[in-house]
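Step one of this worksheet: look at the structure below.
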Amino acid sequence: MLRKNRLFTPGPTPLLPAAQTAMAAFTAHHRTADFKALFQRVLADMKEFVGTNSDVLVLACSGTGVMEAAVSNLTSPGDSVLVLTAGKFGERWTGLAKAFGCPPDVLSVPYGETFSLDDIRSRLTPATRAVFVQATESSTGARHDIEGIAKIVRAHSHETLLVVDAITGLGTTHLDVDGWGIDVIIGGSQKALMMPPGLAYCAVSERAWNRMEKATSPRYYFDLRKERKSAAKGETAYTPATSLFAAMGAALEFVRGMGSGNLSKGREILVDNAELCAEMTRAGAKALGLKLYASAPAAALTAITSPDGTDSGKIVKEFRETFDAVVANGQGEMKGQLFRIAHIGYYDYLDTIGILGALEHVLARVTDRNVEYGAAVRAAQQIYARTMSEKRQLVGA
């Protein structure tokens, strides 16, 4: 039977055809008027996509590169920082803080869980210079309460910076960056923007820019002040990934089209789409008697606990071998315990129904469970039908 390769991983995600075409066709040199016009348009559109009035920078690197930039630009060796970790990517903040000589106070909760706001409040001290956290912990599928965390940080001190890795959160979660007082928020091109890896971006508050002038950690390529200065002239500090900027421009136009010409509205619709696909997937998994791994599940992806006695690697392998569909296994110590199905970016109703139908076949083949074909699909369809009915009622009202 014919098979189409499909990614259901939380990054890289499926590519937007318009982004692929733009990337393949773009050949302008990076120090020309053509690229300057594209670059300036992308930076302006990125502010709308992120939902901020602050400067947005786009760098040629992975999201981890901008995570490192956040630490190196905002801290000095010996600074006290609070790291909130609930998975592999939270642990990355711990490693970065240590690399730049900042002994982190680590508030850790078990994988799949999220944080008590009271616990966060109790760990903040007058010496805390920054708080580092994920919006979505994509290793476990958990969503963190960024609004609640931001309220605590802002009430604690005007001097404590809040840095949010929203690499899988932007485009899947409603975030009020300026209203909540997030100082640095980080995203990556291979997520909700539906394009290849290679670009990462961040929005930076005035509080954070002011801190950079005092911070003494070493930085060179990732000196955000250089990038800001160059961006003001319509340039990058170093050679940019020109074709990826073309893809980013096309992706932003696609999101604008979702909003009938309004990019901010398109972003909201993109988030709502992820939320709906995630809700459908959770309902489908539960209908098959499966358990969700995360206590506060995110919309970027759904992490599903492998059935007792079944290594999740077998499920991942069966998806690939039978349907050429790529779902993600657990990471690190979670490998073999869970599998992850993504909803971030270029996914729709039919993708969601299709992967749930495939899941039914996969479980029937690799487990001894009595799988009721159609149970997951039916549960997802019911969620979709209810949501569409509610939307029609709101429009009618």
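Read-outs throughout are calculated quantities, based only on the coordinates presented, and are distinct from any laboratory measurement. Everything numeric in this text was worked out from a predicted model, so none of it was measured. In this analysis, Cβ positions are derived from the backbone assuming ideal geometry, glycine residues included, and neighbour counts consider all displayed protein chains.
On a straight-distance basis, which aspartates and glutamates could pair with residue 391 in a cross-link, Cα separation under 13 angstrom, same-chain partners fewer than 8 positions away excluded?
In chain and number order, the partners are 272.
Count the net charge of all other residues whose Cβ sits under 15 Å from the Cβ of residue 94, scoring Lys and Arg as +1 and Asp and Glu as -1.
Charge balance in the 15 Å sphere: -2.
7 Å from Cα along Cα→Cβ at both residue 221 and residue 382: what's the point-to-point distance in nm?
5.2 nm
Treat the chain as a sphere of radius equal to its Kirkwood radius over Cα pairs and apply Stokes-Einstein at 25 °C in a medium of 0.890 mPa s; give the translational diffusion coefficient in µm²/s, rounded to a whole number.
113 µm²/s
Which value in deg cm²/dmol, rounded to the nearest 500, describes the helix-derived mean residue ellipticity at 222 nm for the chain, given -39,500 (n - 2.57) per DSSP H run of n ≥ 4 and division by the residue count?
Rounded to the nearest 500, the figure is -14500 deg cm²/dmol.
Run the numbers for residue 308 and residue 295: contour at 0.36 nm per residue of separation, minus the present Cα-Cα distance, in nm.
Stretched out fully, the residue 308 to residue 295 stretch lengthens by 2.8 nm.
Computed FRET efficiency, Cβ-Cβ of residue 232 and residue 331, R0 51 Å: what is it to the nearest 0.05?
0.85
Output the 0 to 90 degree angle, nearest 10, between the alpha-carbon long axis of helix 375-396 and the longest principal axis computed from the alpha carbons of the chain.
Once rounded, one gets 60 degrees.
Using a simple charge model, +1 on the beta-carbon of Lys and Arg, -1 on the beta-carbon of Asp and Glu, nothing else, what dipole does the chain show about its Cα centre, in debye to the nearest 20?
500 debye
Using alpha carbons only, how many angstrom separate the centre of region 99-172 from the centre of region 306-354?
28 Å
Students often check this: by mean Cβ neighbours within 10 Å, which of 238-244, 159-165 ranks highest, and how do the rest follow?
So the peptides 238-244, 159-165, ranked by packing, come out 159-165, 238-244.
Mind checking the full-extension length gain between residue 393 and residue 31? Use 0.36 nm per residue of separation minus the Cα-Cα distance, one decimal, nm.
125.1 nm
Quickly rank 22-31, 46-55 as a protection proxy: mean count of other C-beta atoms within 10 Å, highest first.
Packing order, densest peptide first, comes out as 46-55, 22-31.
Nearest 10 degrees is fine. How inclined is helix 312-323 to the longest principal axis of the chain, computing both from alpha carbons?
70 degrees
Check the straight Cα-Cα distances from residue 36 and name the lysines below 18 Å, setting aside those fewer than 8 residues away within the same chain.
Here the lysines satisfying the reach criterion relative to residue 36 are 47, 226, 229, 233.
Can you list the lysines whose alpha carbon is less than 20 Å from that of residue 335, not counting same-chain residues fewer than 8 positions off?
Cross-link targets: 88, 291, 314, 317.
Choose one answer from 203, 18, 278: the residue with the largest mean-square fluctuation in a GNM of the chain with alpha-carbon springs under 10 Å.
Fluctuation is largest for 18.
In degrees between 0 and 90, to the nearest 10, how far off the longest principal axis of the chain does helix 146-156 point, with axes built from Cα atoms?
So the helix axis and the longest Cα principal axis differ by about 30 degrees.
In whole percent, what relative contact order does the chain give with Cα contacts below 8 Å and a gap of six or more residues?
Relative contact order here is 22 percent.
With the crude spin-label approximation of a point 7 Å out along Cα→Cβ, what separation in nm comes out for residue 3 versus residue 239?
3.8 nm
Could you tell me which of 141, 204, 170 has its Cα farthest along the dipole of region 17-258 towards the positive end, charges placed at Cβ (Lys, Arg +1; Asp, Glu -1), taken about the Cα centre?
The Cα lying farthest towards the positive end belongs to 204.
Rounding to the nearest 20 debye, state how big the charge dipole of region 11-153 is about its Cα centre with +1 on each Lys and Arg Cβ and -1 on each Asp and Glu Cβ.
Taking the Cα centre of region 11-153 as origin, the dipole is about 300 debye.
Using Cα pairs under 8 angstrom and six or more residues apart, how large is the relative contact order of region 160-294, in percent?
20 percent
If you take the charge dipole of region 17-258 about its Cα centre, with +1 on Lys and Arg Cβ and -1 on Asp and Glu Cβ, which of 152, 187, 106 is farthest toward its positive end?
My answer, from the dipole projection, is 187.
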